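The values are calculated or read from the model by the stated rules, or taken from the named source; none is laboratory data. Quantities reported herein were computed from a predicted structural model and do not represent experimental measurements. Here the Cβ positions follow ideal geometry from the backbone for every residue, glycine too, while neighbour counts run over all protein chains shown.
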Amino acid sequence: MEHVQKAVLDPLKPYLLPITTALPGPVNDAIVSVLGTHCHKALLLDLDISSHPECLSLAVSKALGIGIITAASIVKVPQIIKLVRSRSAEGLSFSSYVLETASFLITFAYNVRNEFPFSTYGETSLILVQDVFISVLILIYSGKTAEAGAFVAAVGGAIYALLISDTLVSTSQMTSLQAGAGALSIASKLPQIITVYRQGGTGQLSAFAVFNYLAGSLSRIYTTLQEVDDKLILYGFVAGFVFNAILAAQMVYYWNSPTTAAHEKETNVTSGPRGGVGKTNSPGSETETKVKKVGPSRASTTARPSSSSGRRRV
């Protein structure tokens with residue numbers, strides 16, 4: 001730190017200080033609210049990282065947290081787009097999304113109740129909404145519309161019990177639920193990993209979501225170590241990173257692999273005349289067959305009247 005301070009920051013101070021000390025009021029206030037007065041002064045007003053290394057660690061943690069929350073707002077949008085465009089839930093595990101929804105809902109409620117910094121858990125609320133939406137789409141595209149409505153009602157009831165009501169779930173019960181949320185987070189990855197393995201492909205699974213999850217879980221280990229002294233949350237992120245790494249490895253391994261036999265069948269059907277010459281499902285052959293069948297019958301029906309009329313004339 002001292003080397004960086006002397007070699008980089010000290011020579012740049014005459015140029016940087018006029019900028020860092022003249023930030024707009026709203027921006028300055030936002031930084032103070034995130035870093036605190038002490039670290040705001042050390043990092044922006046004094047440009048001193050050697051005397052206050054803890055402030056630099058806090059700033060990195062906060063920046064990572066804000067970045068994770070920003071990415072979480074769109075992390076599963078590509079997955080939703082793939083589902084809507086294909087109108088197929090192939091390669092996606094509904095049970096995996098249900099378990100992840102339960103895990104994120106419990107974690108979000110636990111952090112809110114303990115009043116932890118929003119930068120350390122904010123993404124759970126955003127991913128939670130996207131998980132619910134994807135779960136509903138999976139049920140709808142699987143022909144289970146009634147189950148989709150029941151699922152939404154169940155999520156609404158859980159939100160009321162964990163966040164709105166003060167009596168249904170006590171503080172001690174909330175701690176027990178958070179301990180179980182770590183297990184749910186692990187369990188939520190297993191059905192998806194098994195689904196990919198059994199189908200021999202990733203289907204409609206979004207690579208963007210998988211790799212963002214991997215980066216996010218790794219960053220969350222760092223931010224939790226820096227800002228939250230809670231082993232339950234830390235162990236959950238560590239376990240999540242391990243299983244996200246497995247899923248990311250599957251994504252790489254099955255990158256160009258076909259997904260299922262059903263997918264191959266669909267490809268063959270949509271490929272058209274490549275199956276061979278003279279197939280009965282080709283438009284030309286159908287028309288030719290109809291002409292051959294219809295031709296002789298029409299000729300016979302038109303020949304009979306002329307024949308009978310000839311007999312009458314005789």
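A few remarks follow.
- Screening I68 with (1) touching a residue at least 12 places away in the same chain (Cβ under 8 Å); (2) in the same structural domain as A207 (by TED's automatic domain parsing); (3) under 17 Å from the mean Cα position of the chain (by Cα) gives one miss only, at (2).
- Residue check for L56: outside the structural domain of A215 (by TED's automatic domain parsing) and not small (G, A, S): yes
- Of all residues in the range 154-191, those that are in contact with a helix residue (DSSP H, G or I) (Cβ under 9 Å, 6 or more places away or on another chain) and of a type in the set (S, T, N, Q) total 5.
- Filter result for A150 (assigned by TED's automatic domain parsing to the domain that holds T223, surrounded by fewer than 17 Cβ atoms within 10 Å (Cβ to Cβ) and part of a helix (DSSP H, G or I)): yes
- Residue in the range 191-207 that is nearest to the chain's Cα centre (by Cα), counting only those that are surrounded by fewer than 16 Cβ atoms within 10 Å (Cβ to Cβ), touching a residue at least 24 places away in the same chain (Cβ under 8 Å) and assigned to a helix (DSSP H, G or I): A207
- Verdict on S88 being outside any helix (DSSP H, G or I) and touching a residue at least 40 places away in the same chain (Cβ under 8 Å): yes
- Complete set of residues in the range 71-85 that are without any contact (Cβ under 8 Å) to a residue 40 or more places away in the chain and in a helix (DSSP H, G or I): I81, R85
- For the range 17-37, filtering for residues that are in contact with a helix residue (DSSP H, G or I) (Cβ under 7 Å, 6 or more places away or on another chain) and under 21 Å from S57 (Cβ atoms) leaves 5.
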